[in-house]
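The values are calculated or read from the model by the stated rules, or taken from the named source; none is laboratory data. Everything numeric here is computed off the predicted structure, so don't read it as measured data. Note: ideal-geometry Cβ built from the backbone for every residue, glycine included; neighbour counts use all protein chains shown. Only protein heavy atoms, including side chains, enter the accessible area calculation; ligands, DNA and RNA are left aside. Shrake-Rupley method; radii C 1.70, N 1.55, O 1.52, S 1.80 Å.
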Amino acid sequence: MTFGEQPAYLRVAGDLRKKIADGLLPPHTRLPSQARIREEYGVSDTVALEARKVLMAEGLVEGRSGSGTYVRERPVPRRVARSGYRPAGGATPFRQEQADGDGRGTWESRSEQAEASGAVAERLGIKPGDRVMCTRYVFREAGEAVMLSTSWEPLDLTGRTPVMLPEEGPLGGMGVVERMAAIDVVVDNVTEEVGARPGLAEELLALGGVPGHVVLVVHRTFYASGRAVETADVVVPADRYRVAYHLPVR
């Protein structure tokens with residue numbers, strides 16, 4: 001193989017991918033069989049199989065038990081808006097994360113005390129094993145799970161205060177900035193790091209993905225005078241969402 005030349009299975013996968021993108025193989029259409037691919041492209045069974053595996057790994061096709069491999073419906077990506085602080089007026093955490101300001105969503109949450117893992121402790125600037133309040137969220141739109149979030153807050157800061165439980169009490173459901181202000185902690189900075197990785201099995205189960213699907217992960221941390229007061233992982237399916245940032249120019 002000369003420099004720059006693609007392996008045969010990638011060339012076959014590329015041609016099939018183009019047919020899917022051009023609509024020649026529309027959603028719910030059965031992908032040509034391995035034998036058909038072998039004959040049409042003049043390749044071996046191994047090459048045909050590897051080409052199909054590539055398309056499956058990319059989430060373009062899905063296998064149906066006893067039926068074959070079919071082109072998947074490709075959702076139009078929506079935006080998840082990120083703007084740091086929520087606008088005034090008591091916007092809920094879910095509405096902050098959504099690009100469509102008049103969307104109607106619901107969420108479920110569960111809070112429990114836990115010991116900070118090494119990674120969480122590093123982000124919060126505390127010691128591994130220190131007590132934190134861990135809150136897990138599932139956000140839904142029209143009943144469909146669209147986003148997951150897990151947040152951690154150090155209990156040496158919020159413990160035995162009215163805001164110890166993020167979703168309960170007089171400020172339950174409000175954001176970090178508002179809740180921390182209620183205990184005289186002024187949030188003055190927030191950082192976010194965005195990355196991508198294969199979704200964990202439990203994440204994909206909740207989000208309706210298939211094994212191998214990629215998720216976007218936003219690591220968010222709120223600070224007050226340099227001290228981390230909350231950190232969270234926000235997980236969204238990469239094939240359905242784009243993260244859009246609105247950053248003010250100072």
Positions within segment 135-148 being buried (at least 19 other Cβ atoms within 10 Å of the Cβ) and hydrophobic (A, V, I, L, M, F, W, C), in sequence order: PHE139, VAL146, MET147, LEU148
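Residue-wise test of (1) in contact with a Gly (Cβ under 6 Å, 6 or more places away or on another chain); (2) at pLDDT below 95; (3) more than 24 Å from TYR223 (Cα to Cα).
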position	(1), (2), (3)
LYS53	no, yes, yes
LEU60	no, yes, yes
SER65	no, yes, yes
VAL71	no, yes, yes
PRO77	no, yes, yes
GLY84	no, yes, no
THR92	yes, yes, no
GLU97	no, yes, no
GLY101	no, yes, yes
Considering residues of segment 1-54 that are in a helix (DSSP H, G or I) and aromatic (Phe, Trp, Tyr) only, the residue least open to solvent (accessible area, probe 1.4 Å): TYR41
Verdict on ASP156 being more than 28 Å from TYR241 (Cα to Cα), assigned by the TED database to the domain that holds ARG136 and in a helix (DSSP H, G or I): yes
Filter result (over 25 Å from ARG78 (Cβ atoms) and either without any contact (Cβ under 8 Å) to a residue 12 or more places away in the chain or open to solvent by 100 Å² or more (accessible area, probe 1.4 Å) (or both)) within segment 228-250: VAL249, ARG250
Total residues in segment 170-203, condition without any contact (Cβ under 8 Å) to a residue 12 or more places away in the chain, within 20 Å of the chain's Cα centre (by Cα) and either farther than 19 Å from TRP152 by Cβ or outside the structural domain of ALA238 (by the TED database) (or both): 1
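Each row is one residue, and each column tells you yes or no for (1) surrounded by 13 or more Cβ atoms within 10 Å (Cβ to Cβ); (2) in a strand (DSSP E or B); (3) out of contact with any His (no Cβ under 8 Å at 6 or more places or on another chain); (4) among the polar types (S, T, N, Q).
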residue: GLY172; (1), (2), (3), (4): yes, no, yes, no
residue: ARG179; (1), (2), (3), (4): yes, no, yes, no
residue: ASP184; (1), (2), (3), (4): no, no, yes, no
residue: VAL187; (1), (2), (3), (4): yes, no, yes, no
residue: ALA196; (1), (2), (3), (4): no, yes, yes, no
residue: GLU202; (1), (2), (3), (4): no, no, yes, no
residue: PRO211; (1), (2), (3), (4): no, no, yes, no
residue: VAL215; (1), (2), (3), (4): yes, yes, yes, no
residue: HIS219; (1), (2), (3), (4): yes, yes, yes, no
Members of segment 150-169 that are more than 18 Å from ALA116 (Cβ to Cβ), buried (at least 16 other Cβ atoms within 10 Å of the Cβ) and touching a residue at least 40 places away in the same chain (Cβ under 8 Å): GLU167
